[in-house]
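Right, one structure below, let's go through it.
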Amino acid sequence: MQASPSSTGTAAGGAHAVLDLHVAELRQLFNSMDPAPFRERDLDAKAQAYIVDWAQEVPAGRPLELVVHVDADSVTAADAAMLEEAVDEYFRQRALATWRGLRKMFRTGRISLLIGVLFVGAAALIGESLASLFSKARYATLVHESLVIGAWVALWRPMEIFLYDWWPVRTEARLYERLSRIGVRLNAVRARTGG
């Protein structure tokens, strides 16, 4: 599989980014271990990674197009339609799975936040109780401060989720949605014969 990114103008005058892939056979684009029919089959991991890496570099407002050149004398309209449907469906499913993962992350964050807040309250009550019970003892302050530190550590994970972790997941889901709308063309390239 050979690839080369390029740009081309559209009829409306805007440029869209074009990724040219050259394959000997159309099935090279698909995961050979997947027993599903072609239109439901996963893309090959290397092809998918290359397409995603390329799309990440293209500005968000620019339309995307994938042109697959296959070594054959001709390709049918059915082959082209099947390829476009398979690529679109693959990335649509990836987008849906990524959005589900984000919802799961937020649910985990909410549960962790609830647990953390309850732990902060319990630690504050226990710390204050111990401090008042053993106000003359030196270790009372140590126990109280240790509980306060532990309580803030309990909030670390939910804060990490809500402040930092969700951004890259949302970006990935949006990229997959964008790739699910990619234009796909299939071109036949006359197979070279030795001679």
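The values are calculated or read from the model by the stated rules, or taken from the named source; none is laboratory data. This is a predicted model, so every value here is computed, not measured. Cβ placement follows ideal geometry from the backbone for every residue including glycine, while neighbour counts extend to all protein chains displayed.
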Open item on the list: Looking at region 123-139, can you tell me whether even one residue there is surrounded by 14 or more Cβ atoms within 10 Å (Cβ to Cβ), under 30 Å from E172 (Cβ atoms), assigned by TED's automatic domain parsing to the domain that holds W156 and modelled with pLDDT of 85 or more?
Closed with: no
Open item on the list: Given the options P168, P158, name the one that is outside the structural domain of Q56 (by TED's automatic domain parsing), buried (at least 16 other Cβ atoms within 10 Å of the Cβ) and at negative phi.
Closed with: P158
Task: Hits in region 171-186 (condition: under 12 Å from the mean Cα position of the chain (by Cα) and either surrounded by fewer than 16 Cβ atoms within 10 Å (Cβ to Cβ) or not small (G, A, S) (or both)) - done: T171, E172, R174, L175, Y176, E177, R178, L179
Open item on the list: Any residue that is assigned to a strand (DSSP E or B), in contact with a helix residue (DSSP H, G or I) (Cβ under 7 Å, 6 or more places away or on another chain) and β-branched (V, I, T) - is there at least one of those in region 57-67?
Closed with: no
